[in-house]
Amino acid sequence: MRTLRAHLDTRDALSDAIRKANASLEPVKVATWLVGESAGWFEAPGWAVIAHDPEGRPIVVAHVGVTETLPAGVTDYIGWMTGEVDELAGALK
């Protein structure tokens, strides 16, 4: 968290990040920007932005540092996780 806070600590840096995130309305362009920025915020071997397609299935919108086989594994995990979250939300009602 310190790296992200240090990166966005100044008003100019935060303003720049917001401007860049809103530079496009195209989901793939925004997701590509986000995974590129994330690599500088937190150290990780790979980053991915996951969204739901019109049928509700998880899809990888953009990724960096992710092997070709990993997106399928990530979407499988997200599908499972979504079910778990839905079940938990139902139990909390």
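The values are calculated or read from the model by the stated rules, or taken from the named source; none is laboratory data. Quick caveat: nothing in here was measured; it's all calculated off a predicted structure. Backbone-built Cβ (ideal geometry, glycine too); neighbour counts: all protein chains shown.
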*Return yes or no: is Glu55 exposed (fewer than 10 other Cβ atoms within 10 Å of the Cβ) and modelled with pLDDT of 80 or more?*
yes
*Which residue pairs have Cβ atoms under 9 Å apart, sit 6 or more places apart or on different chains, and have a first residue in the range 27-43 that is within 11 Å of His63 (Cα to Cα) and a second that is of a type in the set (Ser, Thr, Tyr)?*
Trp33/Ser24
*Across the range 41-52, which residue is nearest to Met81 (Cα to Cα) among those that are of a type in the set (A, V, I, L, M, F, W, C) and surrounded by fewer than 18 Cβ atoms within 10 Å (Cβ to Cβ)?*
Ala51
*Selection from the range 22-40 of residues that are modelled with pLDDT under 80 and farther than 29 Å from Gly83 by Cα*: Gly40
